[in-house]
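Read through the structure below, which is laid out as structure tokens, and then see the notes.
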Amino acid sequence: MPQTERLHAGDLDRLPDPPPRTELVDGSLVFPGPQNLFHMLTLALLEQGLRRWATWDRFRVRREMSVVLGERQRPEPDLIVVDAAAETGTDRTWYPAEAVVLAVEVVSPDSEIRDRARKPQLYAEAGIPHFWRVEDQL
């Protein structure tokens, strides 16, 4: 594939062995770096709390799933809450934006600009009603 050609959301599933948590933002691949302890603990706490809140008949809480926001946008929020009706099988690798009720990003040093500026913009433009950004501000 030539360097100038941009990828599309569906291309992500056809890549041979991409690294875990590979995203597509503005048609370019993004490879997140290692996560620190704050990131891991925050995600565990949020996931546990959201699972208690998200009634099984209406919602599902998911990690490591991407969201198709547009032709060249397929980010992978740290956590998402999706409408239960969006569950169509265990082989899916992404959810459509209209199924997502909440997108959560835990900011890491390598993702600060994306998590603070670009991703909130993309989620809002796609109509995702709620976005939480969590930062380590100790």
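The values are calculated or read from the model by the stated rules, or taken from the named source; none is laboratory data. As the structure is a computational prediction, the values presented were derived from the model and not from experiment. Cβ: placed from backbone, ideal geometry, glycine included. Neighbour counts: every protein chain shown. For accessibility, only protein heavy atoms count, side chains too; no ligands or nucleic acids. Shrake-Rupley method; radii C 1.70, N 1.55, O 1.52, S 1.80 Å.
Data table
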{"quantity": "Residues located in the range 1-23, provided they are outside any helix (DSSP H, G or I), surrounded by 11 or more Cβ atoms within 10 Å (Cβ to Cβ) and free of Cβ contacts under 8 Å to residues at least 24 places away in the same chain", "calculated": "L15, P18"}
{"quantity": "Enumeration of residues in the range 119-130 that are outside any loop (DSSP other than H, G, I, E, B) and within 14 Å of L69 (Cα to Cα)", "calculated": "K119, P120, Q121, L122, Y123, A124, E125"}
{"quantity": "Residues that are under 23 Å from T42 (Cβ atoms), free of Cβ contacts under 8 Å to residues at least 24 places away in the same chain and among the small types (G, A, S), drawn from the range 66-121", "calculated": "A117"}
{"quantity": "Selected residue [open to solvent by 80 Å² or more (accessible area, probe 1.4 Å) and out of contact with any Leu (no Cβ under 9 Å at 6 or more places or on another chain)] from D136, D83, D110, D91", "calculated": "D91"}
{"quantity": "Evaluation of F31 against (1) open to solvent by less than 60 Å² (accessible area, probe 1.4 Å); (2) under 16 Å from K119 (Cβ atoms); (3) among the aromatic types (F, W, Y) (one fails), failing number", "calculated": "(1)"}
{"quantity": "Some residue of the range 45-60 being β-branched (V, I, T) and either buried (at least 19 other Cβ atoms within 10 Å of the Cβ) or in contact with a helix residue (DSSP H, G or I) (Cβ under 7 Å, 6 or more places away or on another chain) (or both)", "calculated": "no"}
{"quantity": "Residue that is nearest to I128 (Cα to Cα), among those in the range 63-80 that are of a type outside the set (A, V, I, L, M) and surrounded by fewer than 18 Cβ atoms within 10 Å (Cβ to Cβ)", "calculated": "G70"}
